[in-house]
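Just so it is clear, none of the values below were taken in a lab; they were calculated from the coordinates. Just so it is clear, the structure is predicted and the values come from calculations on it, not from any experiment. Cβ atoms come from the backbone with ideal geometry, glycine included; neighbour counts cover every protein chain shown.
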Amino acid sequence: MHFHKSESAFFVFIGVILAVGVVTFHAYSVISAGPHVFSEAARTEEVQYLRRLLLATGVLLGTALFFGMFFIYPLIRRQVVEEDKLRQMTASLSARSLTLEQAALTDALTGIQNRRYFDDALREYLTEFDRIEKPVGLMILDLDHFKQINDTHGHNIGDEVLREVAKCLKDMTRYHDVVARLGGEEFAVVAPNMDAELLLKLAERIRRAIAALVVLSGNARLKITTSVGLAIWDQGESADQFFTRADKMLYEAKRLGRNRVCA
C-alpha cells in the first residue's frame with residue numbers, strides 16, 4: 001500500500017510518541033520498585049539509569065517536536081493550500097459550466113430562451129400540469145413579411161426588430177411563462193395555468209403591442225406586425241402534437257391575411 005507523505009509523517013510521529021510512552025512507563029516501573037531494596041551502589045546506578053531514561057525521553061520529545069514543526073506542519077499546510085486552490089478551481093469550473101449551459105439554452109441575439117430550452121420546458125410543463133390537472137396554453141408567433149425588412153433595410157435592422165419583439169414578449173408575459181425564439185422570426189410562449197379565454201386575451205394584447213412598436217432605419221419608421229397561433233393542451237397529446245396544433249393555427253392566421261390571432 002502506498003501512503004501519502006503526510007500519512008507517513010503522521011505514522012512516524014505516532015511511533016516517536018509511543019516510544020516516549022514506553023520509556024516513560026519503564027522509568028515509572030523502575031521508580032515503583034522502591035529504592036529501599038537496593039544497596040547504596042545500586043541506588044546510584046539506578047539514579048544514573050533514570051537520568052539516561054529521562055534524557056532519552058527528552059531526546060524523543062525533542063525529535064517529535066522538531067519533526068512536527070519542520071516536517072508534519074509544512075506538509076499539512078501545503079495540503080491545505082492545495083485543497084484551497086482545488087476548491088477555487090472547482091468553483092471556477094462550476095461557474096464556467098453553468099455559464100456555458102446557460103449560453104447553450106439562450107438565444108444569443110435576443111437574450112431570451114432558444115429552441116432547445118423551449119422543447120425541454122414544454123415537455124416538463126406538460127408533465128407537471130398534467131399531474132395537478134391544470135391547463136397549459138401555447139402561443140406561436142411569426143413576424144409578417146420579415147424577409148422584406150432584411151432585404152430592404154439590411155440584417156442589422158432586422159436584428160434590431162427581433163430584439164425589440166423579444167423585449168416586448170418578455171414585458172408582456174409573466175415571470176413563469178416561457179418565452180423563446182424558435183429560429184428566424186418565429187417565437188413561442190408557453191403560458192401555464194391559462195385557459196383558452198385568457199390565452200386569447202393575452203395573445204391579442206401582445207399582437208397589438210408588437211404592432212405599436214417602431215424601429216428606426218435612417219429616416220424610415222418601420223412598423224411590425226405578427227401572426228399568432230394558439231392552442232390549449234388537451235392533456236392527451238404529446239408535446240410534438242401540441243406544438244403542431246398551435247403551428248397549424250399560426251398558418252391559418254397567415255392564410256387569413258396576417259396580423260391576427262387564430263385559435
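So the values come out like this:
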| quantity | calculated |
| --- | --- |
| Burial order of peptide ranges 188-196, 141-149 (average beta-carbon count within 10 Å, highest first) | 188-196, 141-149 |
| Under 5 Å, built H, 5+ apart or other chain: amide partners of residue 224 | 213 |
| Spin-label zone in the stretch 219-239 - amide nitrogen under 18 Å from a point set 7 Å from the Cα of residue 248 along the C-beta vector | 228-239 |
| The stretch 117-194-the stretch 233-249 distance, computed between alpha-carbon centres (Å) | 16 Å |
| Reachable aspartates and glutamates, given that their alpha-carbon falls under 18 Å from the alpha-carbon of residue 147 and they are not under 8 places away in the same chain | 159, 160, 164, 185, 186 |
| Listed pairs 134/167; 167/201; 170/201 exceeding 26 Å between Cα atoms | 134/167 |
| For the stretch 244-260, Karplus couplings with θ = phi - 60° (6.51, -1.76, 1.60), whole Hz, Gly/Pro x | 4, 5, 5, 5, 5, 5, 4, 5, 5, 5, 5, 5, 7, x, 6, 6, 7 |
| Per-residue HN-Hα couplings for the stretch 155-171 [Karplus 6.51, -1.76, 1.60; θ = phi - 60°; Hz; x = Gly/Pro] | 5, 4, 5, x, 5, 5, 4, 4, 5, 5, 5, 4, 5, 4, 5, 5, 5 |
| Amide H within-cut-off set for residue 112, under 5 Å, with H built and near neighbours excluded | 107 |
| Estimated vicinal HN-Hα couplings, Hz - the stretch 215-228 in sequence order (Karplus 6.51, -1.76, 1.60; Gly, Pro = x) | 10, 8, 9, x, 8, 8, 10, 7, 9, 10, 10, 9, 9, 10 |
| Ranked by how many other beta carbons lie within 10 Å on average, peptides 126-137, 154-165 from highest | 154-165, 126-137 |
| Label-point gap, in nm, between residue 83 and residue 48 - each point 7 angstrom along Cα→Cβ | 5.1 nm |
| Sequence of 117, 175, 125 once ranked by neighbouring C-beta atoms within 10 Å, starting from the fewest | 175, 117, 125 |
| Check: the stretch 104-245 dipole with +1 on Lys, Arg Cβ and -1 on Asp, Glu Cβ, in debye | 520 debye |
